[in-house]
1. Just for region A:225-236: of the residues that are at the interface with another protein chain (Cβ under 9 Å from one of its Cβ atoms) and in a helix (DSSP H, G or I), which one is farthest from B:F10 (Cα to Cα)?
2. Which of the residues that make up region B:90-129 are aliphatic (A, V, I, L, M), at the interface with chain A (Cβ under 7 Å from one of its Cβ atoms) and surrounded by 19 or more Cβ atoms within 10 Å (Cβ to Cβ)?
3. If a residue counts only when it is within 33 Å of the chain's Cα centre (by Cα) and among the charged types (D, E, K, R), which strands (runs of 3 or more DSSP E) contained entirely in region A:1-112 have at least 2 such residues?
4. Please work out which residue is nearest to the other protein chains (Cβ to nearest Cβ), limiting yourself to region A:242-283 and to residues that are aromatic (F, W, Y) and more than 16 Å from A:A319 (Cβ to Cβ).
5. (1) touching a residue at least 24 places away in the same chain (Cβ under 8 Å); (2) surrounded by 22 or more Cβ atoms within 10 Å (Cβ to Cβ): which one isn't true of C:Y186, the others all being true?
6. From the list A:L171, A:L199, pick out the single residue that is closer than 20 Å to A:H295 by Cβ and touching a Ser or Thr at 6+ places or on another chain (Cβ under 8 Å).
7. Go through (1) in contact with a Pro (Cβ under 7 Å, 6 or more places away or on another chain); (2) closer than 30 Å to A:W369 by Cα for A:Y26 and report which single condition fails.
8. Only one of A:G239, A:G188, A:G198, A:G168 is in contact with a Cys (Cβ under 6 Å, 6 or more places away or on another chain) and within 14 Å of chain B (Cβ to nearest Cβ); which?
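The values are calculated or read from the model by the stated rules, or taken from the named source; none is laboratory data. On a predicted model such as this, the values are computed, not experimentally measured, just so you know. Cβ coordinates were reconstructed from backbone atoms using ideal geometry, including for glycine residues, and neighbour counts include every protein chain displayed.
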Amino acid sequence: MQEIAHTIKGKDRYRSGVMEYKKMGYWEPDYEPKDTDVIACFRITPQDGVDPIEAAAAVAGESSTATWTVVWTDRLTAAEKYRAKAYRVDEVPNAEGQYFAYIAYDLDLFEPGSIANLTASIIGNVFGFKPLKALRLEDMRLPTAYVKTFQGPATGIVVERERLDKFGRPLLGATVKPKLGLSGRNYGRVVYEALKGGLDFTKDDENINSQPFMDWRERFLYCMEAVNKAQAASGEIKGTYLNVTAATMEDMYERAEFAKQLGSTIVMIDLVIGWTAMQSMAKWARRNNMILHLHRAGHSTYTRQKSHGVSFRVIAKWARLAGVDHIHAGTVVGKLEGDPATTRGYYDVCRNEFTRQNLADGIFFDQPWASLNKLMPVASGGIHAGQMHQLLDLLGEDVVLQFGGGTIGHPMGIAAGATANRVALECMILARNEGRDIVREGPDILVEAAKHCTPLRQALDTWKDVTFNYASTDSPDYQTSVTAAA
Amino acid sequence: MRVTQGTFSFLPDLTDEQITAQVQYCLDNGWAVNIEYTDDPHPRNTYWDMWGQPMFDIPDAAGIMMELAACRKAHGHLYIRLSAFDSSHGWESVKLSFLVNRPVEEPGFRLRRSEGEGRNIRYTTDPYSTDRPEGSRYQG
Amino acid sequence: MSEALIRDTETPAAAPAGTVDLRREYEEAGVRDVLDELDRSLVGLAPVKKRIRETAALLLVERARRRLGLAHETPTLHMSFTGNPGTGKTTVALRMADLLHRLGYVRKGHLVSVTRDDLVGQYIGHTAPKTKDILKKAMGGVLFIDEAYYLYRPENERDYGQEAIEILLQVMENQRDDLVVILAGYADRMDRFFESNPGFRSRIAHHIDFPDYSDAELLQISVGMLERQNYHLSAEAEAMLARYIEQRRAQPHFANARSMRNALDRARLRQANRLFERSTGPLDAETLSRIEAEDIAASRVFDQKRPAAAELTEETR
């Protein structure tokens, strides 16, 4: 949908009154984005009768310099530079009334190294704008110059592996269940059993903070007893993500300091603490040689629906800039939302050195990462040992596989569940490296390995038929004939 | 006990044929394979002794297996691991690391606790084997 | 020999159980391709080509016998290539590595070509790691040791070459699945080397002798070399080159095809100088590609008056 420019130039542009956004310079179809521009791709659904071009221009205006009326004070500024420019509008394939709008923003619009500032513009006022029925931020191209102003993951995949001395396979974790109600002493029991049985990590759930049944200090003390005991029992480095999420930054720092003092290698936070708090904790983690796990609690409120909100691939990009080390990014085969192509796109955003445009996976732009550390994706929710071949094939080896129910729900106990997962993982890596076709032969490989591992045999019997096959609510919309902007 | 460091420690000890296949996988990826041994299996003992240097530009696993045989001949009573290094930008570290030899008896680790105030405990992990001086451990 | 290698070449419509279709295996393993390539790329060398065809047949039959359970041991495949310099030993070694690979006798089929200096160290403790490094790189393929007799220097008791020899012998004996060694050099010196090192002689099953090229063959080789670089000889130049070959053979340091390559390099140099100094107008492709008789006649090989010719090195001829 390429139209001509409507921009009014000269003194008429600043005549008082209301003027269409596309006439104010927010629609520039001839504009070629600069290497230093931030580019956003929005999915816009204009109200009935609203011209999509005008809607795109309005999004550009409202997410940058515009207000509802012409202001003479624009003329005191280099306004043409600061105006965001919608430069391309495409119909969304197979979705009537929806359009992809590409908008370029000059780098000077953003404070260096601040996700809060970036998001205040890009997803600020504009999402409530009346002429739109719905608005979704699909993807962003963050220029190298801007990426370089962020710390990036405090530790990164490579250094995390070096610290843990674990290479060549996914890491294994489990979330302690039940998520609420265990005392500190009982909670630590689960941690010990799971780690001793063969997992690398255990994890607090997102809503375990400091509640009447368990003060956070109790949890930390008992968890570290469990971690150290499991470490001595196996000769391997173990860890548990101690959730330091709290009401204030002061509380979070206090909890993180205590975790560090106890010798933990890792702490965790929830996405709901907000971008500024996340960036603060990322800097704390870098300063204190700690790994920082992010639980994406709350993201589905705005990532799940296709027509409105923010795509998770954008959240993943922001999280990599903000500097967390782990992020939950979907499982494909588990109980939570995620189609394979879209999920592959999220994983690429986390782990690539350079993410190439790939419309089939929902990646709209080439994205340079400028040597920012890699972000370890975490797969969690409804996965079990019997899916190991699929998980490895879909997600690769730089991932944390979290088997919560798939460990603690094992009929012979938590340690047996952990062992089953570890053996399933190691036999699959061994087979993959030997050149076997694990997707096809996976079930046989597991059965073969189970011959010398009773817990695995039990796990395979218990969960052999568990799958979650529902249609995904978020999958990429593209046609091979559609080309996105580079 | 059984030290479970390395990628394949939960499986039965790998046969030479299985090790060869893993080594070939590393070589086919262009990684340099290194042989290391130690008599101190502490989980944070990073620097095991190197059996020569990482082996670069080797197309076939037989070359590595020849060195492994030599290392086992000299240090067959200790822990030996193979590590593969990827020099490509953005990684420049180990890509795969697994044990290929372990002592007949693995006495394991003592966990020392020193109680501090406020119920704080300082933990120290000591391999029982390191009670004896370096060079005289795992002598049977 | 691992089963995997044999599996590679199995085909769905194989001969009935308990039988072997040699012709079919010959085609499918690609042996014909290697032999054809050898025929195409090397002029002459009829006895060598014959020996290689025989060796290929032997290996093919050996493979079939193993499959039918008639043979179990990996046959000894180490070889010696004897002959004067420039007779095609390295080229044939490359093809041999390919052949052994296609038949499943080596896993990778690469050729690592070395001389004494690559194997033998300068100080105590240097030789073993050096030799082993080369062996490690060569495993899965073929190790080609040119002028192998230099490894053995009986005049020096403490020569480190002996250490390399011992390691080589051990690997040649114990790791026949992993590596094939080809020793190369002048026939007479190789004979003496084998006499003093019976360990090598007993471990080498195939001896191939590379005869010198005839004058006509050398001329044909030269024409081929020039063609590949988009040059050609004028009729007079070809006659001159034939004379050159006759003369050159009688002089010291003659190295067959290698001498021809050097002679042609110098002829191209003279051609370039001639064109540069004498041309006045534009030159066409034909002129730029043609070697004239004078480009060859200027060689010092024809300069019979110079008694010092015998002392000239290959480089200045």
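1. My answer is A:E225.
2. B:V94, B:L96
3. The strands (runs of 3 or more DSSP E) meeting that bar are A:85-91.
4. Residue satisfying both the conditions and the ranking: A:F258.
5. (2)
6. Matching residue, one of A:L171, A:L199: A:L199.
7. It fails just one condition, (1).
8. A:G188
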